[in-house]
1. Helix 152-166 against the longest principal axis of the chain: what's the angle in degrees, Cα atoms only, rounded to the nearest 10?
2. How are the alpha carbon pair distances in the chain distributed across 10 Å bins from zero to the largest one, expressed in percent?
3. When the chain is treated as a GNM, springs tying every alpha-carbon pair under 10 Å, which of Lys227, Lys41, Lys311 comes out with the largest mean-square fluctuation?
4. In nm, give the distance between the simple-model label positions of Glu281 and Arg261, each being 7 Å from the Cα along the Cα-to-Cβ direction.
5. What pairs in Lys159/Lys311; Lys62/Lys251; Lys41/Lys315; Lys66/Lys315; Lys243/Lys371; Lys250/Lys371 have C-alpha atoms more than 31 Å from each other?
6. For the stretch 105-178 and the stretch 367-393, what is the separation of their C-alpha centers, rounded to whole Å?
7. Which one, Asn293, Asn283, Asn341, has the greatest fluctuation when you compute a Gaussian network model over the chain with C-alpha springs under 10 angstrom?
8. Report the FRET efficiency, 1/(1 + (r/R0)^6), for Ala59 and Glu152, where r is their Cβ-Cβ distance and R0 is 45 Å, rounded to 0.05.
Amino acid sequence: MGPVRGFKKRRKTEKKPDGYGSSSGSPEKEGLVDWWDEFSKRINGLQQSPSESIDTFEAVFKISRKTFDYICSLVKEDMLAKSAHFVFTNGTPMSLCDQVAVALRRLSSGESLVAIGDLFGLNHSTVSQVTWRFVESMEERGLQHLQWPSSETEITEIKSKFENVGGLPNCCGAIDATHIMMCLPASEPSSNAWLDHENNHSMVLQAIVDPDLRFRDIVTGWPGKMKDSLVLESSNFCELCDKGERLNGKKLQLSEGSEIREYIIGDSAYPLLPYLLVPYEGNELPEPKGEFNKCHFAMRMMAQRALTRLKEMWKIIQGVMWRPDRHRLPRIIFVCCLLHNIVIDMEDEMQDELPLSHDHDSGYHQQICEKVDVNGASLRDKLLLYLTGRLPP
């Protein structure tokens with residue numbers, strides 16, 4: 001997955017894509033602002049009472065117009081390829097912006113297909129088809145926004161920001177996992193395969209996050225009963241690390257004869273590995289280990305906050321999904337992660353409106369993995385000595 005560096009520079013030279021306006025508007029009314037004026041009038045005209053009227057673009061989509069405009073430019077070619085197939089219930093063809101608006105509303109609100117259809121004046125089947133076409137397009141067109149850092153400059157900046165948060169040097173990411181809950185029919189034989197340890201039907205999302213809450217690597221699609229440690233061990237990321245093809249950058253010298261490799265951090269659900277550091281276990285730890293755990297926790301919070309923000313912003317994966325297609329759900333989760341990153345990359349001011357919470361898996365107990373690798377233990381102990389100033393000069 002490639003970098004997002006240089007993204008802003010490219011945007012400045014991009015021509016504003018056409019085809020944004022509603023097809024029923026005149027040429028001079030084309031463009032995002034005029035499209036929204038017409039679109040919002042249509043929405044408000046469908047509401048049952050004045051108290052339900054919608055005042056602002058941001059209230060509907062939870063992103064800025066700048067970000068919406070950029071997303072439209074990404075999916076334009078795919079969404080307009082067969083746009084004549086999608087029409088409002090009054091027969092008006094859907095424009096590019098209409099289609100993107102419907103898909104984003106579905107993903108960000110988590111409302112039912114019927115509720116979205118009633119809001120926009122569409123059949124629920126049209127809402128479903130438009131949303132899925134958007135998901136398919138974003139999978140390909142937005143891929144550059146979810147990438148492992150590929151340049152030394154980028155990874156150095158990530159390490160520096162993590163160290164500023166918690167004091168541990170040479171850290172490249174924080175890992176965590178969350179459950180996407182589903183309501184599945186009890187009569188379906190395969191339902192039990194998705195029943196997790198908290199007696200919920202769920203699918204796991206594993207994410208590695210940078211200090212800006214940006215997803216750098218994700219894995220999803222596994223049943224919720226699968227432990228976090230096994231999801232990691234089954235991932236391409238773990239395979240690359242074991243082969244020495246990831247987290248293989250320049251080692252950092254802490255003192256004469258003492259150096260550390262690149263690594264990520266995670267909670268006690270993960271094994272202690274040469275490239276993954278977990279906190280020290282125990283109820284009454286010595287003060288140095290307690291201090292290490294505090295630093296570790298501060299940095300680990302980046303992953304928890306990112307997953308919480310993901311679910312807060314894209315509510316289709318928050319709460320319990322009603323009988324989702326388990327083949328399509330991983331792709332929907334992936335696109336929500338892409339959109340999460342796009343909001344960050346666009347420096348969208350709407351992200352500041354979201355709370356900095358870290359409770360993304362309410363009701364789930366902490367998993368414990370007791371697997372310990374000797375090289376991982378050595379790395380953790382070196383960092384403990386570094387934090388306490390007890391490394392030999």
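1. The helix 152-166 is inclined about 70 degrees to the chain.
2. Computed distribution, short to long bins: 4, 21, 29, 23, 14, 7, 2, 0.
3. Lys41
4. Inter-label distance under the simple model: 2.2 nm.
5. Lys62/Lys251
6. Spelled out, the Cα-based centre of one part sits 33 Å from the other.
7. Asn283
8. Details: r = 42 Å, r/R0 = 0.94.
Calculated value: 0.60.
We did not get these values from a lab; they are worked out from the coordinates using the rules stated. Bear in mind the structure is a predicted one, so any value in this text is a computation, not a measurement. With ideal geometry, Cβ positions are generated from the backbone for all residues, glycine too; neighbour counts draw on all protein chains shown.
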